[in-house]
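Notes to accompany the following structure.
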Amino acid sequence: MSMMDTTSLIGGAQNAYSVGVQGQAVNAATAQSNKKANGLDEKGARTAADNFESFFVGQMLEYMTQGVEVDPEFGGGHAEEMWRSMMNQEYGKHIVKSGGLGISKQVMDSLLKAQEESTTAQQKLAALSPDDETAGATNAASAISAAARLRQ
C-alpha cells in the first residue's frame, strides 16, 4: 500500500469519525431533551447542552487548525496530522469543563423552555373533555401550532 493510499484511508477514517461524533451529539441532544420524569429534566438538558457546546467548540478548533503545519522538531509529525480532529474534539470537551464559551447555558435554557411548553401542551390536551369536540379541536390545533413553533 502506497503512502498516498494510506493517507486517503486515514483521511476517510477521520471523516467517518467526525460524522460519527456529530451523529452522537445530535442523538444525545434528542434523547436527553425527550427524557422527562415529573416535569423538567435539568440534568439531561445540562448534559445535552454541554455535549452540544463541546462538539461546537471542537468544530471551531478544527477549522482554526486546518491550515497549521505540523512542526517536525516538536510536533507529532504525520500522526498529529491524522489524529488532529480527535484531539480538537477532546480540547472542546476540556474547554467546556473549564467554563466553556457560555453556549451550553443558552442551549440548556432553550431545552428546558421547550420541555416546559411541551409538558403544558400535553396537560392541556389530556384535560380536554371528549364531549366538547369543538373546543377540543380548537385546543388541539393550538397545541399543534405551538409544537410546530418549537420545532422551528
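The values are calculated or read from the model by the stated rules, or taken from the named source; none is laboratory data. As the structure is a computational prediction, the values presented were derived from the model and not from experiment. Here the Cβ is made from the backbone with ideal geometry for all residues, glycine too, and neighbour counts use every protein chain on show.
Could you check region 59-75 and list, in sequence order, the residues that are more than 21 Å from Val96 (Cβ to Cβ) and either surrounded by 14 or more Cβ atoms within 10 Å (Cβ to Cβ) or of a type in the set (A, V, I, L, M, F, W, C) (or both)?
Of everything in region 59-75, those that are more than 21 Å from Val96 (Cβ to Cβ) and either surrounded by 14 or more Cβ atoms within 10 Å (Cβ to Cβ) or of a type in the set (A, V, I, L, M, F, W, C) (or both) turn out to be Val68, Val70, Phe74.
Which ones in region 62-83 are in contact (Cβ under 8 Å) with a residue 24 or more places away in the chain and either within 25 Å of Asp109 (Cα to Cα) or among the charged types (D, E, K, R) (or both)?
Hit for region 62-83 is Glu62, nothing else.
I'm checking my understanding of the structure. Among residues of region 99-152 that are of a type in the set (Asp, Glu) and either closer than 22 Å to Gly44 by Cβ or assigned to a loop (DSSP other than H, G, I, E, B) (or both), which one is modelled with the lowest pLDDT?
Of everything passing the filter in region 99-152, Asp132 is modelled with the lowest pLDDT.
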